[in-house]
Every structure is written in C-alpha cells, then in structure tokens.
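Only one structure is covered here, and it is reproduced in the block below.
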Amino acid sequence: FSHLQKKRRAATARRQHLKSAMLQLAVTEIEKEAAAKEVEKQNYLAEHCPPLSLPGSMQELQELCKKLHAKIESVDEERYDTEVKLQKTNKELEDLSQKLFDLRGKFKRPPLRRVRMSADAMLRALLGSKHKVCMDLRANLKQVKKEDTEKEKDLRDVGDWRKNIEEKSGMEGRKKMFEAGES
C-alpha cells in the first residue's frame, strides 16, 4: 500500500516539475516574442517615419503641416482599402466554408433557444393555415362528479352544531337520545 502511495507522489511531483518547466519555457518565449515585436516596430518607424525636424520660419512650418496632412490622408485611404479587402476576404471565407459544409452534407446547426409556446401555436407554426385542430387539452377532459361519502352526509345531516348541543342538553335531550337509541 505504501509502495503505491510513493509511486503516486513521485508521479504528481514529476507532473508538477514538468508543468513548471513548461511554464518557464512559455514565459521565455513570450518575452522573446515581445522583444522581437518591439525591434520590428522600431525598424518600421525608422523606415516610414523619418525624424521630425521643426523648421524655424512660419512658412516652412505651414509647408510641413500640409505635408503631414497629405501623408495622414494617404495612410487613412490605405487603411480603409485594407479594411475593405479584409471584409471581402472574410465574407469569401465564410461563403467557401458554407459551401464546404454543404458539399460534405454536414450542416452547422444554429444555436437553439428555448421558447415557450402553446400546442396550438406550435401546430400553427408547423402546419401554417392548414391547422384547424384545436389542442385545448382541458376541453377534452370529461367532467367527474364527486360521489357523496357517508361522512359528508353525516356532516350535512348534523347541520349547525349549536342546535344539536342545545337539543341534547338537559334531561329532555338525554331522553330523546335514549329513545332514538332503542328504536
């Protein structure tokens, strides 16, 4: 028994060690990727954005502003064109994946929502105008009358309890009870 526990402990310790090693590797990879992205960003900025040198006169400053505005416009147009291309490509991808599903014979099932609907409404939705059968479930139930039990009859016969007590009280009441018991 203790031998099995030692094996389990060794297995869990090894698993923990492997997890920590994998996490350390993942952390170093993420750091490398972040450093590579930063270097790539710096290279791109150095290539596309020359260092800004502010001119001294007002005329040169206005010229620089006009150039910058023109550059911003061209970049915005490029960005818009790229977004439109991306949207078209995404749409084509969706269409092609749908065609692929159709060709395979497997259809993507849409997520279903729970809907509360009466039986009539469900039949109307399924059959359309052909639906004429009424599914009123309560209408088809037959009426059941309660049969009077003996206790209920006794209770009805007893009537008002105060009246009975007054009738049975005193010597007259006992005499009546005695006579009723004999007959």
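Okay, residues lined up against (1) at pLDDT 90 or above; (2) of a type in the set (A, V, I, L, M):
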{"residue": "E60", "(1), (2)": "no, no"}
{"residue": "R79", "(1), (2)": "yes, no"}
{"residue": "E94", "(1), (2)": "yes, no"}
{"residue": "D102", "(1), (2)": "no, no"}
{"residue": "G105", "(1), (2)": "no, no"}
{"residue": "P111", "(1), (2)": "no, no"}
{"residue": "M135", "(1), (2)": "no, yes"}
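Out of curiosity, is L64 hydrophobic (A, V, I, L, M, F, W, C) and open to solvent by 100 Å² or more (accessible area, probe 1.4 Å)? Even if it seems obvious, please write down each step before you answer.
On the way: hydrophobic (A, V, I, L, M, F, W, C): yes; open to solvent by 100 Å² or more (accessible area, probe 1.4 Å): no.
It is false that L64 is hydrophobic (A, V, I, L, M, F, W, C) and open to solvent by 100 Å² or more (accessible area, probe 1.4 Å).
The values are calculated or read from the model by the stated rules, or taken from the named source; none is laboratory data. All of these numbers come straight from a predicted model, not from anything done at the bench. Surface areas here come from the heavy atoms of the whole protein model, side chains and all, with no ligands, DNA or RNA. Shrake-Rupley method; radii C 1.70, N 1.55, O 1.52, S 1.80 Å.
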